[in-house]
Amino acid sequence: MSEQVIDRDSIPKSYAPSEIEAGIIAKWDEANIGHGDPSNEKSQFSILIPPPNVTAPLHIGHALNSTLQDVLIRWHRMRGFNTLWMPGTDHAGIATQTVVEKRLMQQEKKKRTDFERGEFVARVQEWKDEYEATILRQFKSLGASCDWDRTRFTMDPVCTAAVREAFFKMFQDDLIYRGKRLVNWDPVTLTALADDEVEMKEVAGHMYYLRYPLEDGSGFVTVATTRPETMLGDSAVAVNPEDPRAEELRGKSIRLPIVGRVIPIVEDDYVVMPGDGDDPKAAFATGFLKVTPAHDPNDWEIGLRHNLEVINVMASDGSISSNYGWDDCSSEAEQYLGLSREDARVAIIDWFKANDLVEDIKPYDHSVGHSYRSHVPIEPYLSDQWYVRVTDDKLGGEALRALAAEQYEGSPPKRESGEQSGDGELRFTPARYAKTFQSWHENLRDWCISRQLWWGHQIPIWTKEISIDAEVLFPYQGEDSTTFATQHDEAEGTITIYVCVRGGHDDVEQALVSDGFVRDEDVLDTWFSSALWPLSTMGWPTPVNFPDTEGLLEKFNPTSVLVTGRDIITLWVSRMTMLNRYFQNGTLPFNDVFINPMIQDGFGQRMSKSLGNGVDPRDIISTHGADAMRYALTQLSTGTQDVRLTIDLICPHSGKTFEPEYVKSQTGHEVMAPIQTSPSDETKKISTLYGLLIGASEDSEETPLAVNTSSRFDVGRNFANKFWNSARFAMLNISSPAVNVSNADLLPVDVWMLSRIVHATEKLDEALSDYQFNVAAETLYDLLWRDFCDWYLEAIKPTIKENEYQQRTLLTVLNVICRLLHPVCPFVTEAMWSHLCELDSGIIEGIELDDKDVLALANWPVIDGIELDAQVIASFEALQALVTAIRGARASSGVRPNRRIDVTLSGYLHALAAKHDVTLQALAGIDNICEGADVKDGMPIQIEGQTVCLSNMFDAEEAHTQMEKLDEEIASLEKKINGMKNRLNNES
RNA sequence: GGUCCAUUGGCGCAGUUGGCUAGCGCGCUUGCAUGACACGCAAGAGGUCACUGGUUCAAAUCCAGUAUGGACCACCA
């Protein structure tokens with residue numbers, strides 16, 4: 001056995017992440033550390049990645065989300081669980097289609113409709129392939145230990161099969177239906193949106209007071225509206241039955257201006273009366289409400305109650321049109337056809353003004369729904385759409401009952417048997433988010449799932465219209481392959497047949513087509529396939545067709561925990577819960593939901609591309625390293641609050657950093673720019689370019705001159721470097737061959753250090769079990785920095801070279817620290833591990849550490865039955881207090897740092913000092929340790945009521961200078977005192 | 001309008017069932033090129049825990065109210 005195993009030059013002096021990370025990733029790939037094996041008997045721990053949209057590269061929020069998942073996965077893997085972390089991406093229907101359409105317009109000046117559907121989808125597919133590859137590379141570069149062989153995409157064959165089957169079954173069970181409703185229509189992207197895809201924005205608008213003449217010429221009523229342009233589709237005026245004016249108007253009609261339509265006055269208690277104190281609308285109300293069932297959701301409801309005509313006066317792009325259900329367009333009204341909503345509003349108000357029918361126009365601020373994609377106001381628009389009946393107890397009710405009893409009063413008590421029922425087993429961390437989940441389900445409305453897009457899962461419905469007199473003859477009825485529904489339209493005299501074809505029956509599809517059926521053009525809402533993610537990724541329902549998914553569902557569903565952001569509790573968490581329970585006998589897709597913090601910029605704003613305040617994890621990895629990023633993100637995951645990430649702009653060429661501020665760019669956007677405290681050419685250049693680039697286009701692909709980073713990651717870089725260096729130092733001190741260490745061979749400092757790793761392991765386990773990531777990070781920091789580096793390494797310096805037992809203890813401690821740090825800082829620990837493996841660590845009884853070439857696959861330290869003398873530990877802690885006190889006294893009295901002084905103590909303190917003499921001498925700069933109770937010379941200090949005396953603190957010359965210094969200080973203080981005294985005397 | 005969250009030294013945050021002197025990182029001050037690390041070491045300054053009242057032997061912590069900030073839901077008269 002060689003004397004010195006580690007060559008001093010083989011480990012560089014400081015940690016350079018960029019030189020090491022790629023090699024480590026390759027090592028993990030080769031060892032296939034992420035592989036989850038369904039046939040493995042060990043208990044499972046599984047996580048499904050919230051699949052990021054393929055619209056753009058990952059941002060720092062994704063990095064946070066993935067880091068936390070990876071910490072949990074690596075920790076469980078080391079603890080011996082059979083782990084599966086399933087990666088993947090989401091096709092993100094409308095979002096992806098929108099960015100691709102935008103790019104085609106910019107680069108090729110082409111619209112979607114300039115392509116065949118298949119052609120266009122192929123272009124989107126190209127985009128998807130590019131970004132999916134980028135995203136997966138990003139995941140890998142931040143150290144994610146997913147099961148890469150099972151990477152899924154929401155439009156993979158395996159996922160498509162699940163979508164087909166889910167749709168089929170729900171259609172069969174009448175949980176999916178066709179309905180003519182007002183939907184949230186996006187007039188730019190030309191698609192319906194779900195309620196939660198609508199963003200409310202405050203808009204400074206106007207309240208228009210319009211006079212509607214009574215048909216009999218006996219006067220008029222004044223209606224108040226914010227949307228005068230919809231008056232073309234008015235089919236009634238409503239008044240509250242309690243309103244005193246209601247009675248004399250009863251039975252009368254209105255002649256609608258411009259159109260000339262005669263419309264009834266209906267009585268409905270939805271109408272707010274002016275002066276009704278409680279309702280804020282009362283201040284603006286006239287008591288008369290124009291009713292436009294085709295263009296307002298509330299009016300739609302009134303229309304249903306009073307059986308009113310539904311007159312749609314707009315085309316799908318929001319322009320005024322008589323082609324979509326407006327039959328009585330007058331010649332007067334024709335002038336408005338083709339105008340946009342906005343232009344029509346102006347023109348119609350002009351008409352009312354010209355005809356003296358405008359009573360008033362008041363400024364009015366209100367919030368208006370906007371499309372979360374195109375950002376234009378939503379148009380409530382009448383159309384035929386597909387809905388999921390989430391209001392059915394089988395879906396919404398089941399999801400609600402999943403909530404754990406301690407988080408939701410209405411939850412059924414947990415079953416006594418060990419059987420998993422799903423009821424009351426869903427637990428949110430932090431617990432308050434259970435309330436978000438609960439109130440969402442208590443106010444559910446059916447879910448509109450059809451989208452008028454090309455990118456997505458096409459709805460598996462084939463349609464044919466037949467005469468109402470014709471017999472509905474359908475050759476496939478009753479077969480396992482199809483199910484159908486019909487819709488009768490008495491007015492048109494038609495029956496529409498909707499046939500849903502189960503997946504894998506191409507012959508039936510062809511037969512339908514030759515029979516005159518046409519497939520529904522629309523695709524499903526992205527969240528429909530996302531809702532099936534826990535099932536589809538694991539091969540539900542037909543594992544036979546996808547052999548690599550065999551056994552996954554049985555082994556890994558329910559998954560252990562879902563880590564996600566609070567913004568998708570309703571969009572995603574709820575729907576996964578519903579569908580998983582519905583298709584899997586009530587079992588849940590996951591038992592725990594951990595809601596990770598949201599990252600904001602230093603000013604508390606959401607990060608976004610258009611603000612220019614986004615942070616790309618790749619930039620952080622290049623400036624700080626992946627471990628640094630992971631450590632910092634773990635540390636700021638406190639669970640209670642959102643986190644602010646102060647952003648620094650750094651110029652990659654010069655390395656200069658700038659503080660950002662928000663300025664108006666030339667396009668009018670608020671964008672981030674460097675503060676020009678001392679305007680240099682460089683600041684100006686970056687500022688201008690930054691503003692231009694970010695302001696010019698949201699999807700700008702050019703790299704700005706400056707890169708966003710944050711000094712918040714410095715703590716992580718320092719931490720990783722500290723580990724690197726301390727490990728290097730420790731290993732360079734190993735010179736003796738391996739030896740087994742028994743308790744009797746340990747010095748007090750070794751016993752103390754072992755007690756610290758026991759303590760840290762327990763605390764870490766507890767913190768991670770409770771998803772207290774910040775506590776975990778803090779625990780690691782204290783262990784590595786405070787305990788190991790500040791105390792242990794310093795304390796053993798005098799003895800380590802000679803003491804072979806201590807060398808083995810040091811190696812064992814380092815080995816344990818390596819393992820404990822690994823889930824949070826996998827790269828630097830894995831890199832050190834290969835050096836550590838070159839040394840034979842020996843054995844310390846009570847600490848179980850296996851031998852593995854790859855740290856990621858090594859075991860979590862099992863510290864069991866190690867006997868550490870509590871008195872020895874306590875005595876080391878007492879020594880720490882003594883050292884601290886002496887250091888403080890030395891510093892405050894100006895002793896030269898490298899001077900060795902004498903200390904005189906008595907009683908138990910002397911015994912303590914004598915026992916730890918070498919350590920005390922090294923840590924506190926002590927020369928002689930003397931025993932004595934009463935010392936005349938020297939400086940007395942108090943420690944726990946005992947007097948300790950320091951002496952020999954200065955040589956003659958130093959003593960002289962020190963005296964002079966003190967004299968000066970006394971003189972200056974006396975001067976101050978006299979000054980104060982004089983002032984007091986003068987004032988009194 | 002409804003629900004929820006936050007307010008702790010200059011900055012960013014911990015403080016889980018009330019209980020030793022309220023912690024941590026950055027920054028700041030003083031000193032240090034010490035044979036692991038200046039991405040470092042040692043010592044230090046800095047907080048009436050937003051405000052008002054209450055419960056208690058004891059409140060940053062529990063209760064009520066006020067102020068400020070934020071998030072979500074509802075709402076196009």
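The values are calculated or read from the model by the stated rules, or taken from the named source; none is laboratory data. This one's a predicted model, so the numbers in the text were calculated from it and none came from an experiment. Neighbour counts run over all protein chains shown; Cβ positions are idealised from the backbone, glycine included.
Screening residue A:273 with (1) near RNA strand B (Cβ under 8 Å from one of its atoms); (2) in a loop (DSSP other than H, G, I, E, B); (3) under 30 Å from residue A:329 (Cβ atoms); (4) over 42 Å from the mean Cα position of the chain (by Cα) gives one miss only, at (3).
Being within 20 Å of residue A:453 (Cα to Cα) and in contact (Cβ under 8 Å) with a residue 24 or more places away in the chain: is that true of residue A:113 here? So residue A:113 does not fit the description; no. Name, by its number, the condition in (1) more than 14 Å from RNA strand B (Cβ to nearest atom); (2) under 31 Å from the mean Cα position of the chain (by Cα) that does not hold for residue A:377. Condition (1) is where residue A:377 drops out. Filtering segment A:731-740 to residues that are outside any loop (DSSP other than H, G, I, E, B) and within 8 Å of RNA strand B (Cβ to nearest atom) leaves only A:732. State whether the residues of segment A:24-41 include one that is in a helix (DSSP H, G or I) and without any contact (Cβ under 8 Å) to a residue 60 or more places away in the chain. Yes; the residues of segment A:24-41 include at least one that is in a helix (DSSP H, G or I) and without any contact (Cβ under 8 Å) to a residue 60 or more places away in the chain.
Results for (1) touching a residue at least 60 places away in the same chain (Cβ under 8 Å); (2) more than 18 Å from residue A:754 (Cβ to Cβ); (3) surrounded by fewer than 21 Cβ atoms within 10 Å (Cβ to Cβ), shown as yes or no for each residue.
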| site | (1), (2), (3) |
| --- | --- |
| A:799 | yes, no, yes |
| A:808 | yes, no, no |
| A:811 | yes, no, no |
| A:821 | yes, no, no |
| A:829 | yes, yes, no |
| A:840 | yes, yes, yes |
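Scanning segment A:747-788 for residues that are near RNA strand B (Cβ under 10 Å from one of its atoms), part of a helix (DSSP H, G or I) and acidic (Asp, Glu) returns A:766, A:778, A:782. Return a yes/no flag: does segment A:829-850 have any residue that is more than 14 Å from RNA strand B (Cβ to nearest atom), among the aliphatic types (A, V, I, L, M), modelled with pLDDT under 90 and under 34 Å from the mean Cα position of the chain (by Cα). There is no residue in segment A:829-850 that is more than 14 Å from RNA strand B (Cβ to nearest atom), among the aliphatic types (A, V, I, L, M), modelled with pLDDT under 90 and under 34 Å from the mean Cα position of the chain (by Cα). Restricting attention to segment A:432-467 and to residues that are in a strand (DSSP E or B), surrounded by 21 or more Cβ atoms within 10 Å (Cβ to Cβ) and of a type outside the set (D, E, K, R), the residue that is farthest from RNA strand B (Cβ to nearest atom) turns out to be A:462. Of all residues in segment A:493-508, those satisfying the criterion of being of a type outside the set (Phe, Trp, Tyr) and assigned to a strand (DSSP E or B) are A:494, A:495, A:496, A:497, A:499, A:500, A:501. Which one of these is away from RNA strand B (no atom under 15 Å from the Cβ) and touching a residue at least 60 places away in the same chain (Cβ under 8 Å): A:247, A:229, A:309? Every option except A:309 fails the conditions. Candidates are the residues of segment A:197-213 that are of a type in the set (D, E, K, R) and surrounded by 16 or more Cβ atoms within 10 Å (Cβ to Cβ); the one that is modelled with the lowest pLDDT is A:197.
Do we have residue A:612 as in contact with a strand residue (DSSP E or B) (Cβ under 8 Å, 6 or more places away or on another chain), at pLDDT below 75 and within 12 Å of RNA strand B (Cβ to nearest atom) here? For residue A:612, the condition - in contact with a strand residue (DSSP E or B) (Cβ under 8 Å, 6 or more places away or on another chain), at pLDDT below 75 and within 12 Å of RNA strand B (Cβ to nearest atom) - is not met. Tallying residues that are assigned to a helix (DSSP H, G or I) and under 30 Å from residue A:140 (Cβ atoms) within segment A:789-829 yields 12. Just the residues that are part of a loop (DSSP other than H, G, I, E, B), more than 15 Å from residue A:938 (Cβ to Cβ) and within 16 Å of RNA strand B (Cβ to nearest atom), please, taken from segment A:853-893. Correct list: empty.
Summed over segment A:710-730, residues that are among the β-branched types (Val, Ile, Thr) and either at pLDDT 95 or above or away from RNA strand B (no atom under 14 Å from the Cβ) (or both) total 0.
Taking residue A:400, is it touching a strand residue (DSSP E or B) at 6+ places or on another chain (Cβ under 9 Å), in a helix (DSSP H, G or I) and modelled with pLDDT of 85 or more? Considered against the rule, which asks whether it is touching a strand residue (DSSP E or B) at 6+ places or on another chain (Cβ under 9 Å), in a helix (DSSP H, G or I) and modelled with pLDDT of 85 or more, residue A:400 comes out as no. Each residue in segment A:712-746 was checked for being of a type in the set (A, V, I, L, M, F, W, C) and touching a His at 6+ places or on another chain (Cβ under 9 Å), and 4 of them qualify.
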